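Comments concern the structure below.
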Amino acid sequence: MKLKSQLNNVIQDAFNKAGIEHAPMSVSEASKPEFGDYQFNGAMALSKKLGKNPREIAQSIIDHLDLSGVLTKAEIAGPGFINLWINPLWLATQAQEALADERLSISRRENPIKVVVDYSGPNMAKQMHVGHLRSTIIGDTLANLLTFLGDDVIRQNHIGDWGTQFGMLIAYLEMKGLEMKGEDGSGSLKDLEQFYKDAKGEFDANPAFANKAREYVVKIQSGDAHCLQLWQKFIDISLGHCEEVYEKLNVNLTRDDVRAESFYNDDLANVITDLQKSDKLQESNGAQCVFLEGDEVPVIVQKGDGGYLYATTDLAALRYRAKELGAKRISYVVDARQAGHFKQVFRVAKEAGFVPEYVKLEHIAFGTMMDKGGKPFKTRDGGTVKLIDLLDEAVVKARETINNKEDYTPEQIDELAKIIGIGAVKYADLAINRESNYIFNWDKMLSFEGNTSLYMQYAYARIQSIFRKFDGQISGDIIIGDELEHRLATMLLRFEDVLNRAAEDASPNQITTYLYDVVTLFMRFYEQNPMLKEGVDESTKMSRLQLADLTAKTIKQGLDSLGIRVVDRL
RNA sequence: GCACCCAUAGCUCAGCUGGAUAGAGCAUCGCCCUUCUAAGGCGAGGGUCUUAGGUUCGAAUCCUAAUGGGUGUACCA
């Protein structure tokens with residue numbers, strides 16, 4: 001239900017009838033309950049244009065406002081605010097419809113577009129570390145959201161599987177005489193991070209080995225079959241590690257979504273020649289560059305030694321996504337520190353005609369994860385924290401928070417700990433405005449208090465508990481019986497507006513903020529408006545149960561977009 | 001040097017296209033469990049929205065500058 005546009009339509013009607021020729025600005029949520037449900041602030045803005053005082057304009061809008069359908073009351077306040085009250089009967093009907101609909105009355109886009117969401121992008125030479133968390137879950141949320149809203153989403157995992165490190169790794173593999181044959185051989189790569197460190201150590205300490213490594217790079221790049229086979233095996237194992245992480249994280253990335261850097265290898269030379277054709281290319285200090293007007297530093301697309309760079313790959317990828325995949329929106333969920341790079345690459349792509357003008361290119365930037373002291377998140381000895389370790393720790397800590405362990409079987413506790421722990425990590429991250437850095441805090445994220453996943457899951461479980469106890473058949477209609485029910489219903493009907501905005505801005509925290517508002521309201525409703533207790537008449541009981549049900553479904557759907565699961569019992 | 005980002009309560013953070021007395025949670029202090037999960041709810045205190053100008057009927061929000069912090073800045077990704 002697009003609540004805002006419904007209300008805007010009513011305002012627009014009043015404008016037409018009142019003979020106001022300007023397009024009204026959108027209504028907004030009332031800042032306080034006393035001010036109604038929504039407010040229209042456009043009268044003040046029109047004052048100058050119409051040469052009338054704002055209260056006069058507001059009055060004439062109200063005089064023509066239809067108060068027989070969606071709205072039931074409108075009042076002028078202050079300098080010319082129009083406070084709007086939604087008709088409780090209309091609210092009840094809409095809530096009823098939402099409840100009866102699998103999609104909670106959330107429409108699919110009338111004009112879906114193809115969207116590429118590029119996220120996660122781990123490097124195959126190392127294990128995933130905490131730095132990959134945000135890209136992975138923010139990107140996944142965006143992809144989930146857009147899919148739910150009806151767009152044609154193409155997830156792209158642009159894994160780093162090419163470059164000098166791989167020469168080093170394979171050379172080390174050969175030197176150690178290790179074979180990656182089947183499952184047995186892969187055992188030696190169990191700890192990829194250690195393997196990488198050992199190889200790097202050898203590379204730094206042993207010049208002969210370093211040369212060997214460089215030779216292997218050339219061999220791989222020139223298509224040496226043996227080396228390529230080793231390389232492929234290496235990638236497979238490494239990707240397996242990533243899939244384990246995705247599985248734990250409840251992230252919807254599969255092998256089908258992988259478009260590795262190497263995928264674009266054959267196109268890189270074309271990128272250069274095509275840039276040349278469009279007269280973009282200039283040689284500078286031996287390198288092939290694109291100089292953008294107003295930019296000091298050029299985009300280097302080919303090194304002096306003939307090698308290509310990540311800008312080259314990104315250009316090839318952009319072109320592929322626009323031309324081959326037909327994307328109309330391409331979203332890169334990447335660390336904010338790469339803002340400069342993307343700004344440049346996007347410009348080059350458009351100026352060179354690799355991507356049509358109408359395609360929206362966006363860098364979904366996010367901030368860094370910090371420790372309690374506000375420093376970048378590291379292990380005690382200053383190393384990077386492996387993502388898998390962080391997630392496992394989250395599950396262990398979550399297990400400790402489970403109160404009545406005797407009520408569950410060990411398997412249930414395992415499952416519960418996973419859902420709670422992983423949910424807590426994800427929610428804490430997604431609840432922060434994505435562009436700012438955020439402080440990672442176990443205690444806070446695993447708390448039931450405040451804007452946390454546990455608080456949401458708890459609310460959901462409470463509702464399920466009521467229905468277990470009720471164990472009957474719902475009948476009758478939703479009736480908006482008091483102020484609290486009115487506000488809860490209004491809040492629940494805002495869901496589609498929230499999802500749309502969150503998708504547009506790629507801001508998961510708009511969803512979490514909304515869910516928190518929903519749950520906070522529900523908790524009050526729960527305290528004040530009993531359902532199954534003595535003395536509640538049947539029709540009230542049925543109505544309240546349905547409001548609770550719609551609340552639960554909204555929580556579930558909201559968390560589902562974030563890739564967070566709910567449980568019936570906590 | 002240049003460019004970009006950030007600055008809101010003691011702490012962690014919301015604050016949507018500018019709107020009414022700037023909101024949560026934690027922490028502090030009260031109150032509410034024989035009553036649907038108290039892992040909850042209600043209430044109190046706590047702010048020159050970094051500073052100084054400007055635009056506007058109206059600014060935490062937009063513009064300019066200063067200060068403080070972060071990041072990036074030619075052949076890594």
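The values are calculated or read from the model by the stated rules, or taken from the named source; none is laboratory data. Computed from a prediction, not measured in an experiment: that's the story for all the values here. We place every Cβ from the backbone using ideal geometry, glycine too, and count neighbours over all the protein chains shown. Ligands, DNA and RNA are excluded from the accessible area calculation, which covers all protein heavy atoms including side chains. Shrake-Rupley method; radii C 1.70, N 1.55, O 1.52, S 1.80 Å.
The calculated FRET efficiency for the pair A:Lys303 and A:Thr513, based on their C-beta separation and a Förster distance of 35 Å, comes to about 0.15. Helix A:508-528 axis versus longest C-alpha principal axis of chain A: approximately 40°, rounded to the nearest ten. Taking each residue as 0.36 nm, the span from A:Glu34 to A:Gln12 lengthens on full extension beyond its C-alpha to C-alpha distance by 5.5 nm.
Between A:Glu538 and A:Ser26, full extension at 0.36 nm per residue minus the direct alpha carbon distance yields a gain of 180.4 nm. Rounded, prolate or oblate: which fits segment A:339-425, taking a ≥ b ≥ c as square roots of the Cα gyration tensor eigenvalues, rounded meaning a/c under 1.5, else prolate when a/b beats b/c? It comes out prolate by the Cα gyration axes.
Per residue, segment A:387-561 exposes 43 Å² of solvent-accessible protein surface, assessed with a 1.4 angstrom probe and all protein chains in place.
Relative protection proxy for A:161-172, A:272-283, from highest mean packing down: A:161-172, A:272-283 (other beta-carbon atoms within 10 angstrom).
Counting each pair of different Cα atoms once, what's the Kirkwood radius of segment A:3-86 in Å, rounded to one decimal? Over segment A:3-86, the inverse of the mean reciprocal pair distance is 12.4 Å.
For the residues A:Val395, A:Val271, a 1.4 Å probe over the protein chains yields an accessible-area ranking, largest first, of A:Val395, A:Val271. The modelled label-to-label distance for the pair A:Glu244/A:Thr368, using points 7 Å beyond Cα in the direction of Cβ, is 2.8 nm. Here A:Lys360 is the anchor, and the lysines within straight C-alpha reach of less than 21 Å, apart from those fewer than 8 places off in the same chain, are A:Lys114, A:Lys323, A:Lys328, A:Lys343, A:Lys350. The DSSP beta bridges internal to chain A are antiparallel in roughly 50% of cases. Tell me whether segment A:387-561 comes out rounded, prolate or oblate; compute the Cα gyration tensor, take square roots of the eigenvalues as a ≥ b ≥ c, and use a/c under 1.5 as the rounded threshold. Judged from the Cα gyration tensor, segment A:387-561 comes out oblate (a/c at least 1.5, b/c at or above a/b). When peptides A:452-459, A:535-542 are sorted by average Cβ neighbour count within 10 Å, with the highest value leading, the order is A:452-459, A:535-542. Note on A:Lys49: aspartates and glutamates with a C-alpha under 16 Å away, same-chain residues under 8 apart excluded, are A:Glu21. Near A:Tyr38, once Lys and Arg are set to +1 and Asp and Glu to -1 for all other residues with Cβ below 14 Å from its Cβ, the sum equals +1. When you restrict to C-alpha pairs under 8 Å that are six or more residues apart and normalise by the size of chain A, the relative contact order lands at 15 percent. For chain A, the share of accessible area belonging to carbon and sulfur comes to 47 percent (1.4 Å probe, ligands and nucleic acids excluded).
Calculated FRET efficiency, A:Asp204 to A:Asp560, Cβ-Cβ distance, R0 = 56 Å: about 0.75 to the nearest 0.05.
For segment A:264-310, applying the loop criterion from DSSP together with a ceiling of 16 other beta carbons within 10 Å to the chymotrypsin sites (Phe, Trp or Tyr not before Pro) yields A:Phe291.
Summary of the geometry: segment A:1-80 and segment A:493-562, compared by the centres of their Cα atoms, lie 27 Å apart. The separation of segment A:222-270 from segment A:290-326, counted between C-alpha centres, amounts to 21 Å.
Remark: the A:Lys343-A:Leu50 segment gains 101.3 nm on full extension, using 0.36 nm per residue and subtracting the alpha carbon distance.
The angle between the Cα long axis of helix A:54-63 and the longest principal axis of the Cα atoms of chain A comes to about 70 degrees, rounded to the nearest 10.
Within the same chain, aspartates and glutamates fewer than 8 places from A:Lys4 are excluded, and of the rest, those with a Cα less than 12 Å from its Cα are A:Glu29, A:Asp37, A:Glu496, A:Asp497. Just to verify a number: FRET efficiency for A:Ile474 and A:Glu527, C-beta to C-beta distance, R0 = 25 Å, to 0.05? Result of the calculation: an efficiency of 0.70. Relative to the longest principal axis of the Cα atoms of chain A, the long axis of helix A:310-319 lies at roughly 50 degrees.
Judged by the gyration tensor of its Cα atoms, with axes a ≥ b ≥ c, chain A is oblate; a/c meets the 1.5 cut and b/c is at least as large as a/b.
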